[in-house]
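What follows is a short report on a single structure.
The values are calculated or read from the model by the stated rules, or taken from the named source; none is laboratory data. Quantities reported herein were computed from a predicted structural model and do not represent experimental measurements. Note: ideal-geometry Cβ built from the backbone for every residue, glycine included; neighbour counts use all protein chains shown.
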Amino acid sequence: MSELARKNCVPCRGGVPPLKGGAIQELLLQLPGWEVVREHHLHKNFTFPDFVSGLAFVNRAGEIAEQEGHHPDLGLSWGKVEVTTYTHKIDGLTESDFILAAKLEEAYKKSPSRQA
């Protein structure tokens, strides 16, 4: 389990500046395959062999999001789940977005029907 995945998301109360530049890049190094879009949000597409496997992952991602109190945008289509996350309260990235992404990455690695 990655260092980020061992942490827990912290509720954002606003008034905190979003992460920028080097702070983003340092955290992104711990999330291979994820991309940062315009220093605003994290994004990744996960692939699956069928619709049912992707749906199972979406359900697991929902459980993780509820446990962490931090909710990504999830898109499900046949063989693919698209994940986008950012902290809505500040309209940008916080460490919690990277923590959630790491937890979703761990869940994907444990998915029995994922595609490599």
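Among the residues of segment 24-50, what is the count of those that are among the hydrophobic types (A, V, I, L, M, F, W, C), surrounded by 13 or more Cβ atoms within 10 Å (Cβ to Cβ) and over 12 Å from the mean Cα position of the chain (by Cα)?
Total satisfying the criteria: 3.
Quick check on segment 39-54. Is at least one of its residues within 21 Å of SER113 (Cβ to Cβ), touching a strand residue (DSSP E or B) at 6+ places or on another chain (Cβ under 6 Å) and assigned to a helix (DSSP H, G or I)?
yes
Does ASN59 satisfy the criteria of being over 13 Å from the mean Cα position of the chain (by Cα) and at pLDDT 95 or above?
Yes; evaluated as a whole, the condition is true for this residue.
Scan segment 55-64 for residues that are farther than 30 Å from PRO17 by Cβ and touching a strand residue (DSSP E or B) at 6+ places or on another chain (Cβ under 7 Å) and jot them down.
If the condition is that a residue be farther than 30 Å from PRO17 by Cβ and touching a strand residue (DSSP E or B) at 6+ places or on another chain (Cβ under 7 Å), then LEU55, PHE57, VAL58 are the ones that fit.
Residue under question is ASP50, and the condition is that it be touching a residue at least 60 places away in the same chain (Cβ under 8 Å), out of contact with any Lys or Arg (no Cβ under 8 Å at 6 or more places or on another chain) and of a type in the set (D, E, K, R); does it hold?
It is true that ASP50 is touching a residue at least 60 places away in the same chain (Cβ under 8 Å), out of contact with any Lys or Arg (no Cβ under 8 Å at 6 or more places or on another chain) and of a type in the set (D, E, K, R).
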